1. For Tyr39 and Gln124 in the same chain, what is the full-extension length gain: residue separation times 0.36 nm, less their Cα-Cα distance, in nm?
2. Between Thr93 and Gln50, what is the label-point separation in nm under the 7 Å Cα-to-beta-carbon projection?
3. Between Met69 and Met57, what length in nm is gained on full extension when 0.36 nm per residue of separation is reduced by their alpha carbon distance?
4. Before anything else, pin down the relative contact order of segment 2-151: Cα pairs under 8 Å, at least 6 apart, normalised by residue count, whole percent.
5. List the trypsin sites (Lys or Arg not before Pro) within segment 15-60 that DSSP assigns to loop and that have no more than 11 neighbouring Cβ atoms inside 10 Å.
6. Could you give the length gained on full extension between Lys28 and Glu4, defined as 0.36 nm per residue of separation minus the Cα-Cα distance, in nm?
7. Mind listing which GluC sites (Glu not before Pro) in segment 8-52 are in a DSSP loop and have 12 or fewer other Cβ atoms within 10 Å?
8. Determine, for Met62, Met5, the number of other Cβ atoms within 10 Å of each Cβ, and report the residues in order from fewest to most.
Amino acid sequence: MLYEMQVAGLTVDPITRSPILVLKDHDKEIALPIWVGPYEANAIMLELEQIPTPRPMTHDLMKNLLSTMNAKVRKVVVSDLRDDTYYAVIELTHQGEVVSVDSRTSDAIALALRTNSPIFVDEQVIEKSRCRDVSRIAPERSSSDEERLEQWLSEVSPDDFVSP
């Protein structure tokens, strides 16, 4: 099963200072934090804040290439979580055919934002993210830190986010 999600915003992990992209479902019942790099966070933030750039950035180029080729992004799917790495697929339509392209999750989401395409997360990814060993991502976290982060993610609103 796929859950349609929206980018709720970007924030910074208070412990590791790494950017976190937060996806939430439409009912605001499920939150999926995805740690991303600073450059990826910047690309997403530029689009969220509608900040123009003097020249096309990489994801703008991707959008322009697709448009020139008469291809459209149908949807983006965060399809798997393996070894603390999220995987995504960009589903395109081109000349009447559906084409799936493997992608880094941050790139897929940055492109989805630029093309106003829906973002989905596979149910198995949500389950795996709830069970994953967070200590492998940020070894200095304690169980109380993890509980505070879980609590914070369940209560956070888009107005609480800050730019990295």
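Read-outs: derived from the displayed coordinates by stated rules, not from any lab. Everything numeric in this text was worked out from a predicted model, so none of it was measured. Methodologically, a virtual Cβ is constructed for each residue, glycine included, from the backbone with ideal geometry; neighbour enumeration extends over all protein chains shown.
1. Values: separation 85, 0.36 × 85 = 30.60 nm, distance 2.74 nm.
Taking Tyr39 through Gln124 to full extension adds about 27.9 nm, to one decimal.
2. It is 2.7 nm.
3. Values: separation 12, 0.36 × 12 = 4.32 nm, distance 1.83 nm.
Extending this stretch completely gives an extra 2.5 nm.
4. Numbers: 239 pairs, mean separation 33.5, N = 150.
Across segment 2-151, relative contact order equals 22 percent.
5. Numbers: sites: Arg17, Lys24, Lys28; in loops: Arg17, Lys28.
Filter output for segment 15-60: Arg17.
6. Details: separation 24, 0.36 × 24 = 8.64 nm, distance 1.10 nm.
My answer for the length gained is 7.5 nm.
7. Details: sites: Glu29, Glu40, Glu47, Glu49; in loops: Glu29, Glu49.
Here the GluC sites (Glu not before Pro) that fit, given the DSSP loop and packing criteria, are Glu29, Glu49.
8. Numbers: Met62 19, Met5 22.
Listed from fewest to most nearby Cβ atoms, that is Met62, Met5.
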